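K.L.:
Before I ask anything, let me first share the structure, which is written out below as structure tokens.
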Amino acid sequence: AASLKDKIGAADILINATSGLHAAISTPANISVEEWQNEMRTEFVFSRELAHELLPGMISNKWGRIVNLIGSSEPLDFGVEYAASGALQGWSKGLCRQVGQHGITINCIQPGLINGTEAAKRYKHSDTLRTEEQVIPFGGPGEPEDVANAVAYLCTPFADYVSGIVLPVDGGMSRFQH
């Protein structure tokens, strides 16, 4: 079978968007190994494999951008998505140290509640009415353009020296994350 690189040629920019724009779903504690591996493949392994397939061309060109959309790094419950987001984040931070010398940056964007996504559809403001402060300091969900603008920034020369970060795009919702 032909590789993706053989089918599409070289790529200078890769945006991995397998997670981060939908609501995390609690995973049953008795999930089978096969189900766990299938979800990890969808949420992490596919993005990693795709990037490694395109990296040689980026290294040859001495320039490249990889941006991964990830979910929360602070689990609310037990979910494969949280594990996959953590794996993608760790992989990104580690690999950026190897490929930075070639002009390649690897970053993650962590969207909060974004209008038009499953996460925003499922969000219930009533869940936060008894808290001392708003969960989203900006008062509500963001727009898809907010995520797109962050992606665009990380792909421009303005971000040549930005690599290995996790950029929350969430209206201040992640104020407790480390």
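K.L.:
Scan the range 95-119 for residues that are open to solvent by 40 Å² or more (accessible area, probe 1.4 Å) and within 20 Å of Glu43 (Cβ to Cβ) and jot them down.
P.N.:
If the condition is that a residue be open to solvent by 40 Å² or more (accessible area, probe 1.4 Å) and within 20 Å of Glu43 (Cβ to Cβ), then Glu118 is the only one that fits.
K.L.:
Do you know which of the residues in the range 11-60 that are of a type in the set (Gly, Ala, Ser) and open to solvent by 80 Å² or more (accessible area, probe 1.4 Å) is modelled with the highest pLDDT?
P.N.:
Of everything passing the filter in the range 11-60, Ser60 is modelled with the highest pLDDT.
K.L.:
Please indicate, with yes or no, whether at least one residue in the range 165-177 is at pLDDT below 95, open to solvent by 80 Å² or more (accessible area, probe 1.4 Å) and in a loop (DSSP other than H, G, I, E, B).
P.N.:
yes
K.L.:
Further, regarding this structure: Please specify each residue of the range 62-94 satisfying the condition of being open to solvent by 20 Å² or more (accessible area, probe 1.4 Å) and farther than 28 Å from Ala29 by Cβ.
P.N.:
Correct list: Lys62, Trp63, Lys93, Gly94.
K.L.:
Give me the residue from the range 155-164 that is free of Cβ contacts under 8 Å to residues at least 40 places away in the same chain and not in a helix (DSSP H, G or I) and, out of that set, most open to solvent (accessible area, probe 1.4 Å).
P.N.:
Applying the filter and picking the extreme gives Tyr161.
K.L.:
Right, something else. Among the residues of the range 136-178, write down those that are closer than 28 Å to Lys121 by Cβ, out of contact with any Pro (no Cβ under 9 Å at 6 or more places or on another chain) and of a type in the set (Ser, Thr, Tyr).
P.N.:
Tyr153
K.L.:
Given the conditions (1) modelled with pLDDT of 95 or more; (2) not in a helix (DSSP H, G or I); (3) not aliphatic (A, V, I, L, M), report the number of the one that Phe78 does not fulfil.
P.N.:
That leaves (1) as the condition not met.
The values are calculated or read from the model by the stated rules, or taken from the named source; none is laboratory data. Bear in mind that the values here come from a model prediction, so they are computed numbers and not experimental data. Cβ atoms come from the backbone with ideal geometry, glycine included; neighbour counts cover every protein chain shown. In case anyone asks, the SASA skips ligands and DNA or RNA and just uses the protein heavy atoms, side chains included. Shrake-Rupley method; radii C 1.70, N 1.55, O 1.52, S 1.80 Å.
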